[in-house]
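Single-structure report; data block below.
Each value in this text was obtained by applying a stated rule to the coordinates, not by laboratory testing. The structure displayed is predicted, hence computed values, not measured ones. Neighbour counts run over all protein chains shown; Cβ positions are idealised from the backbone, glycine included.
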Amino acid sequence: MPRDTCPVCHNSNSIASYRYNSRQRLIKNPLYYLAKGIMSFPSTLRMMKFIPGMQDTKRFKRLKTSAAFSGNIIRCNNCGFGFLDKSLRYEELEDYYSFEYWGEERRREDLPAIPEYSARVVGQYDFVKDYVQFPCQVLEIGPGEAEFLIFLSLEHDTKAIDVIEPGDIWEDFYKKLCFCLICKYFSKPTRTKYDYIHTSHWLEHQQCPVETIRNLFSSLRKGGVLFVEVPNCNEEYYHIVSNHRPHVCFYNLRSLRLIAEKVGFTVKNIGTFGFSWSEDRKWRKEEDDRDEFDYQNRPNSEGINLRMVCFKEKEDR
Ligand SMILES: [Zn+2]
């Protein structure tokens, strides 16, 4: 069902709309667009299940994903939050994140002999370290290669590290690291209450922003800390980025803070870091060397990375 009311501030007036993906492909390949249109009917997907071998082909999977992640982005011009005008079905997302999102090439069988950390991980750690008391009980949702957790476990004592990750390829890797995979999807508050929850470029993949952050609040114990990093969807973002897949929510400083405060968090620190979107595009075109630390972490009011650290100072409402 089409949606037009902002889920963050409930504004339903004066909202702007952007295409989710550019139309370039329509011009280059109209047949692809036609197939994608047909695939977007739930009945087509159900019928396809009966054709032997069909579901396992790469082309089928690509078309299915492409049909699912489509539509328009509505941007609220009160709080600036962006959201899709259609909901994605659970089974589409499940298939996509359990296998297709990661592919086989990202599989990491062995632990790194000498751990190497991306500049982003170091920047996130610097941003959050003064707010977290160690040793503590940690959860990361959507860790993938788990670089942040490996870094954290070498820097500090942690009582336990739990993870929630839909990607099938990481299961054995987490076992070797002694990280406990508690489930694949975060759809309700966890039974264990954590001291620290880390989410990096995960929240923008979740369809219900307020409900998700409320569930994060309920998964922390009193005094617990949440870290969130998402792409900073400022004015420049909408003019420069033309393909948004597979993101379904688009946050800016104002809307991210608004949701956190709405569910009861106290925002301790929030800011944007790294190159701007126009610097990022220029770099991609010219493929010059870039200073990775600067690219991810330079304090910049128009930076591509939006970071927030917030406290649960009160019990659940
Ligand atoms: Zn709004």
**Request:** Within region 111-176, list the GluC sites (Glu not before Pro) lying in a DSSP loop whose Cβ has at most 10 other Cβ atoms in a 10 Å radius.
**Result:** 116
**Asked** What order do you get for 168, 162 when you list them from fewest to most C-beta neighbours inside 10 Å?
**Response** 168, 162
**Item:** 9 Å beta-carbon shell around residue 69, net charge (K/R +1, D/E -1)
**Value:** 0
**9, 183 arranged by Cβ crowding within 10 Å, fewest neighbours leading** = 183, 9
**Complete:** Assertion target for 205, 156, ordered by fewest C-beta neighbours within 10 angstrom first, is 156, 205
**Request:** Any chance you could count the Lys pairs in region 72-229 whose alpha carbons are under 19 Å apart, treating pairs 8 or more apart or on different chains as valid?
**Result:** 11
